[in-house]
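The next block holds one structure in the form of structure tokens; read it before the comments.
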Amino acid sequence: MTKPKTYQDRLKNLNPRKAVERGRNHFSEKEYKEKLRQYGSRIGTKVVYYSLLLYYAFQHPETPKKAKWTIAGALGYLILPVDLIPDFIPVVGFTDDSVVIIYAVYQVISHVDDTVKAQAKEKLLKIFEGQVDIEELEELLEIEEKARNPEH
């Protein structure tokens with residue numbers, strides 16, 4: 001009889017690509033907005049901001065279909081009712097969701113333009129009632145953009 005895996009073991013073995021694939025069928029705008037409304041403060045500003053970047057990039061007409069599939073999968077995983085690590089577990093509950101969202105942003109970052117960033121910032125400020133350090137989040141995004149596209 002094999003020993004059940006701990007959450008840490010399951011997280012170490014998390015394959016963001018497979019998680020994105022599983023989540024694609026579960027993305028809906030209504031459920032996404034409800035998840036942000038209900039859990040925004042517990043998810044954290046970075047993950048909410050990144051998920052908003054994905055959300056607005058998904059809506060952007062110039063975002064390629066392949067990128068939209070990745071985005072739909074990541075946002076679907078975020079709202080998926082059954083996660084690798086259940087969301088109700090304090091501190092670590094949204095760890096797997098965070099990994100998937102950050103992975104997706106890293107994959108589609110070249111399709112996140114200034115319009116998408118402005119929309120995400122506006123919504124983030126509204127969600128957190130202006131209590132957000134936007135400059136810090138933009139710096140993090142810049143670092144990830146440079147990591148993805150070192151020639152820029």
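Any read-out appearing in this document is the output of simple, stated calculations on the displayed coordinates, not a laboratory observation. Computed from a prediction, not measured in an experiment: that's the story for all the values here. Positions of Cβ are generated from backbone atoms using ideal geometry, with glycine treated the same way; all protein chains shown enter the neighbour counts.
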Can you tell me how much longer the chain between E29 and E62 gets when fully stretched, taken as 0.36 nm per residue apart minus their C-alpha distance, in nm with one decimal?
-> 10.0 nm
Under a Cβ-Cβ cut-off of 10 Å, what is the net charge of the residues other than V108 that fall near it, where Lys and Arg count +1 and Asp and Glu count -1?
-> +3
Arranged from highest to lowest average of other beta-carbon atoms within 10 Å per residue, in what order do the peptides 50-56, 141-147 appear?
-> 50-56, 141-147
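Over 25 Å between C-alpha atoms is what I'm after, so list which of K30/K121; K126/K146; K35/K117; K121/K146 land there.
Check vs 25 Å cut-off fails for K126/K146.
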Does the stretch 109-152 come out rounded, prolate or oblate by the C-alpha gyration tensor, with a ≥ b ≥ c the root eigenvalues, rounded set by a/c under 1.5 and, if not, prolate when a/b is larger than b/c and oblate if not?
-> oblate
